[in-house]
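Where a number appears in this text, it was derived from the coordinates with a stated rule and is not lab data. Everything numeric in this text was worked out from a predicted model, so none of it was measured. Please note: Cβ atoms are built from the backbone with ideal geometry, for glycine as well, and neighbour counts cover all protein chains shown.
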Amino acid sequence: MARRMAIMAASSLLALMPACAEPMAPVPAGAYTPFFKFIPAKGQRATEPRPVGIKAFRLDRFPVTNAQFAAFLEKAPDWRRGAAPRLFVDPNYLRRWRDGAPPKGEDNAPVTNVSWFAAQAFCESLGARLPTTDEWEYALADAGRGQAQVTRASLDWFAKPNGARIGDVGGAPNGYGVSDMIGLVWEWTQDFSATGSGTEQRNTSSKDDAAFCGGGAAGVRDPADYPAFMRYALRASLKASYVQDNLGFRCAGDE
Amino acid sequence: MWRALLLAWAISYALSFPVMANDAIAPPSGTSVYTLGARWTDQDGHALRLRDFSGRKVLVAMGYTSCPDICPLILANMAAIEKAAQGRSLRFVFVTLDPKVDTPEKLKAYADAHGLDPASWTLLNGDDKAVRDLAAVLGVRYKANGEGGFDHSAILTLLDEGGEMVMQKPDMQVDPKDFVAHMPR
């Protein structure tokens, strides 16, 4: 019964979504300079960051919602809480859901407590994929439009206490037509684990020193971009089966 | 006489279906690496799934053949464990992070160049998703470095007969005895 209601909610959600014909926004090709320079091995200096080419792609306008994820679980029962293999999800997977349904009144909020594997499975079920980190950051950078606003919104978000109910999707779009990249949830990326891979590592226990400890400021594009440090540090801390109360995702597709 | 003939027929019948024995293995548990169902190709061009390694302990690592520095060390550490674990029926699996370049032929040449015994070593090529998923499960972090190579962590993982992770060594300070301790004769 609860699951049926979730499906109905998913249907009604489509009607509630802001008037966008397509769930994904087209993001044009361009060049993007990653936040991190080449992360040096200990004792070496970082080289200047090199722009990377980003092919045109499509990106969900909003983070995937609880109602959308409930609809996915109807079609993919192997991913329900209690059914998904422990290799792919940690014990807190969908921990606030009951009987296959999200918490009451949160259908239109981003789904959280989903692992990278579950997020990937959701996107694949739609013929899509998770965005790469470069694609996600490129979309957030928005060709330089509103950067100060992104920084301010990020800092406001970080200042909110944990435990507050996550709001519904539907924020104002950026120049590409993409909303809510900042302010609701952190988001999985396809190659989240690239952060922290460092150079060829002989001792992975200290892999992030050059990126996030004292040397970090010397190895980035903009040492004053504290929100970017936070985003990359979070990705570096994750494992693919992890879930968090404030970690969600959105899907991407090739043009 | 009839009993002996029947026995001989039964034995030859059973041996003629080696795959059936593999199919009889219990499905992987929810935490087994063998839950991953992707298809791989080994250095001899044979298709396989990870669960085909069921029944033996497996030491697995990820790297790529043009890796100049850390991968030879990974192989050297695996070879040291091979030497220390003689007689313990251990399988060694090296999975490429660079599947577009490291074709099965290239993996075969790499194995030959490093003197890896095909009786106990398997080198695997898979598609991008298979590689990404396995790396995610093993905790191997990697990214293209823009110069044709990859930055990646060097993790040795020991799997038990059911594909459960028994031990991981996330650096190159490997003492083969630590691995052998998990492999009673």
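Structure summary
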item	result
Overall form of the range B:50-130 per C-alpha gyration tensor (a/c, 1.5; a/b vs b/c)	oblate
For the range A:226-255 and the range B:46-122, distance of Cα centres in Å	32
Rounded if a/c under 1.5, otherwise prolate or oblate - the range B:29-180, Cα gyration tensor axes	rounded
Inter-chain shielding of B:144-156 (mean C-beta neighbours from other protein chains, 10 Å cut-off)	4
Using alpha-carbon coordinates, inclination of helix B:70-84 to the longest axis of chain B, degrees	40
Chain B: most fluctuating residue of B:Pro104, B:Pro68, B:Pro28 per GNM, C-alpha cutoff 10 Å	B:Pro68
Between helix B:128-138 and chain B: long-axis angle, C-alpha atoms, 0 to 90°, nearest 10	90
